[in-house]
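First comes the structure, then the notes that go with it.
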Amino acid sequence: MSIPLLSRSSPAANFNAFNETNGLDQILEYHELPVDVFEGRVAMDLGCGQSDLGSDLALRGIHAVVLGIDMNRNTLKANRQSESNTIPIQGNLASLPVVDESVGVIIATKSLPMWAKDASDIDNFFSETKRVLELGGFLSIFPIENDIWSGSVFKRAAKKRAVEDGIRGIVESTDWTTLTLTPFTLTAIKKKNYPLKSYIPGTD
Ligand SMILES: C[S@@+](CC[C@H](N)C(=O)[O-])C[C@H]1O[C@@H](n2cnc3c(N)ncnc32)[C@H](O)[C@@H]1O
């Protein structure tokens, strides 16, 4: 499976890697994503912290299921208490707790640099994201370079994977109109018995 890999470094100069991202607009700006890319998809926010992408998208009228993955139980609890549209799942970036080919969009905001220390971690990250992405799904990582994170480590590892897996490579800007979105399916996710009904806006 070939993954369109979208990695960004451009807005990196203006942010503190340890600050929480401030809502949907900042996520879209960091990842240079149009909000429509989430419509009708299962998305995964890797290392979501307290971010509640699912509710933010619902407020914009976007129908999406967001799986918020974080290793830290406390931040996930914060999501639950606010009756979130993000399904909080405690998990590790090293081994994603979902079935194969079940996710349409993966974003990782400021989380990869906190965890991946070398090329083998990045390699592992690509293996896992590749496994869970459905055909035609998207992977967007932010940042790939900043003052606490060596972009060169990322780029070397990503380049190696690109060669091995036929990933298109790291692109600095993307014309989204040229990318093909595959039809939305919940089949794989349903196998895991996630409480989808209560989290999909407008399905009550
Ligand atoms: C700087 S915070 C960013 C949170 C959020 N994405 C944002 O942009 O506001 C990094 C998050 O990644 C999580 N994290 C770090 N390493 C992780 C790992 N190996 N597996 C899962 N989550 C991880 C941390 O618990 C933390 O919540």
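With the condition kept exactly as written, say whether any residue in the stretch 109-131 is part of a strand (DSSP E or B), in contact (Cβ under 8 Å) with a residue 40 or more places away in the chain, in contact with a Ser or Thr (Cβ under 8 Å, 6 or more places away or on another chain) and within 25 Å of ARG156 (Cα to Cα). Yes, some residue in the stretch 109-131 is part of a strand (DSSP E or B), in contact (Cβ under 8 Å) with a residue 40 or more places away in the chain, in contact with a Ser or Thr (Cβ under 8 Å, 6 or more places away or on another chain) and within 25 Å of ARG156 (Cα to Cα). Quick check on the stretch 99-114. Is at least one of its residues modelled with pLDDT of 85 or more, charged (D, E, K, R) and more than 10 Å from the ligand (Cβ to nearest atom)? Looking for residues that are modelled with pLDDT of 85 or more, charged (D, E, K, R) and more than 10 Å from the ligand (Cβ to nearest atom), one finds at least one in the stretch 99-114, hence yes. Is it true that some residue in the stretch 119-139 is surrounded by fewer than 20 Cβ atoms within 10 Å (Cβ to Cβ), at pLDDT below 60, among the acidic types (Asp, Glu) and over 21 Å from GLN50 (Cα atoms)? The answer is no, given that none of the residues of the stretch 119-139 is surrounded by fewer than 20 Cβ atoms within 10 Å (Cβ to Cβ), at pLDDT below 60, among the acidic types (Asp, Glu) and over 21 Å from GLN50 (Cα atoms).
Looking only at the stretch 33-53, filter to residues that are part of a loop (DSSP other than H, G, I, E, B) and within 15 Å of the ligand (Cβ to nearest atom); which one of those is farthest from PRO88 (Cα to Cα)? Step by step, filter the stretch 33-53, then rank; the result is LEU33. Across the stretch 110-121, not a single residue is classified as small (Gly, Ala, Ser), out of contact with any Asp or Glu (no Cβ under 6 Å at 6 or more places or on another chain) and within 17 Å of GLY137 (Cβ to Cβ).
Scan the stretch 54-68 and give yes if some residue there is buried (at least 18 other Cβ atoms within 10 Å of the Cβ), of a type in the set (Asp, Glu), within 11 Å of the ligand (Cβ to nearest atom) and modelled with pLDDT of 90 or more, otherwise no. Within the stretch 54-68, none of the residues are buried (at least 18 other Cβ atoms within 10 Å of the Cβ), of a type in the set (Asp, Glu), within 11 Å of the ligand (Cβ to nearest atom) and modelled with pLDDT of 90 or more. Checked against the criteria, LEU93 counts as modelled with pLDDT of 90 or more, within 14 Å of the ligand (Cβ to nearest atom) and closer than 24 Å to SER150 by Cβ.
The values are calculated or read from the model by the stated rules, or taken from the named source; none is laboratory data. Please read all numbers here as calculations on a predicted model, not as lab measurements. Here the Cβ is made from the backbone with ideal geometry for all residues, glycine too, and neighbour counts use every protein chain on show.
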